[in-house]
1. Would you please report the Å³ per residue occupied by the convex hull of the alpha carbon atoms in the chain?
2. With +1 on each Lys and Arg Cβ and -1 on each Asp and Glu Cβ, and nothing else charged, work out how big the dipole of region 60-119 is about its Cα centre, in Debye to the nearest 20.
3. Can you work out the FRET efficiency for the pair Ala104 and Thr243, with r the C-beta to C-beta distance and R0 = 35 Å, to the nearest 0.05?
4. Taking the Cα centre of region 188-303 as origin, work out the dipole magnitude from +1 charges on Lys and Arg Cβ and -1 charges on Asp and Glu Cβ, in debye rounded to 20.
5. Efficiency by 1/(1 + (r/R0)^6): what FRET value for Ser95 and Ala292, r their Cβ-Cβ distance, R0 = 25 Å, to the nearest 0.05?
6. Cross-link candidates for Lys209: which lysines have Cα within less than 16 Å, leaving aside residues fewer than 8 places away along the same chain?
7. As I understand it, the dipole of the chain uses +1 on the Cβ of Lys and Arg and -1 on the Cβ of Asp and Glu, about the Cα centre. Which of Ala225, Leu173, Pro284 lies farthest toward its positive end?
8. Per residue, how much accessible area does region 219-305 show when a 1.4 Å probe rolls over the protein heavy atoms, in square angstrom?
Amino acid sequence: MRETLPETARRSWLTLAALGSLALAGCDSVLEVTDPDIILDASSAAGAVALKNGVVFRFQQATSGGEFLVYSGLLTDEWISGDTFEQRNSMDQRSTAVTNSFLAPDFRTLNRVRVQAAEAVKSLRSFSPTPTANIGLMFAMAAYAENLIGETYCNGIPLSGIDGPNIVYGPALTYDAVLARAVSDADSALLYVGGTDGPRVTDFAKVIKGRALLNRGRFAEAAAAVVGVSPSFKWDVSHSDQTANNQIWALNNSASRYVVANNEGGNGLNFATAADPRLPTAKPKPKAFDSATDFVEQRIWDRNT
């Protein structure tokens, strides 16, 4: 004969079971929280400036703080691979597969500059409109990223954006349309050049506009765009041991995975042996990382420049 619980004990057990279910439901709801990965907008002048500074750091990551500038140079015979990574060797050999895992991160990093710059512009206009050169700098950095994307990627480029927490997917654009966008953003930058940093931002925007127009084959307009810019103008990107090293130095001088090219592909320029004062080179050791390729290093940049 089956033994049954007294009625009072049964009711107590059911009550505890119900309370336990509620407790579990409560724990589950605690886990359902919004977890933003970045600050999307600002509510103060300090927040707007912080967003601007974040774009400057993104710009570093997209240029000499990342691999993009050297990786694309494998394709254009400025560098050759002295590495054992298939992703670098195949790019050097112009046989890169669409599944190459090195391609997506650089595209993503360039777009982070562009998208975050647009958000910083909105915040600066609302909370920290002066000096206006900060706004101009954001437009210029977005234009730089767009020009580099247009130079490097084939037709069908999506330039997506955000609206609050929502992604707004962009249509597939031709590279020329992306370059046109770079020209437009450079023009916008030139409208916001007030303050002590204005002359530097002006030259930066002019150079980007000239480069984008050159890429579009509009040579006379490109020449006109850079009138007044000194031939000695340069835009410095800062590095430190505590943040990101200059990856041109890290991948070439330090790791020996990239090698300065010389007559690569039969019609490449003789970067390594030209003795061009703009590109000092050296041979501090015989072989690159792969123990087979003759090693040549650049002597323009070091770890923090």
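1. It is 246 Å³ per residue.
2. Values: 5 positive and 8 negative charges, 49 e Å.
Using Cβ point charges on Lys, Arg, Asp and Glu, region 60-119 gives about 240 debye.
3. 0.95
4. Computed charge dipole of region 188-303: roughly 180 debye.
5. It comes to 0.85.
6. Straight-distance partners of Lys209: Lys234.
7. Going by the charge dipole, the pick is Ala225.
8. Values: 5280 Å² over 87 residues.
Dividing the accessible area of region 219-305 by its residue count gives 61 Å².
The values are calculated or read from the model by the stated rules, or taken from the named source; none is laboratory data. The shown structure was predicted, so the numbers you read here are calculated from the model rather than taken from an experiment. Cβ atoms come from the backbone with ideal geometry, glycine included; neighbour counts cover every protein chain shown. Heavy atoms of the whole protein, side chains included, go into the accessibility calculation; ligands, DNA and RNA do not. Shrake-Rupley method; radii C 1.70, N 1.55, O 1.52, S 1.80 Å.
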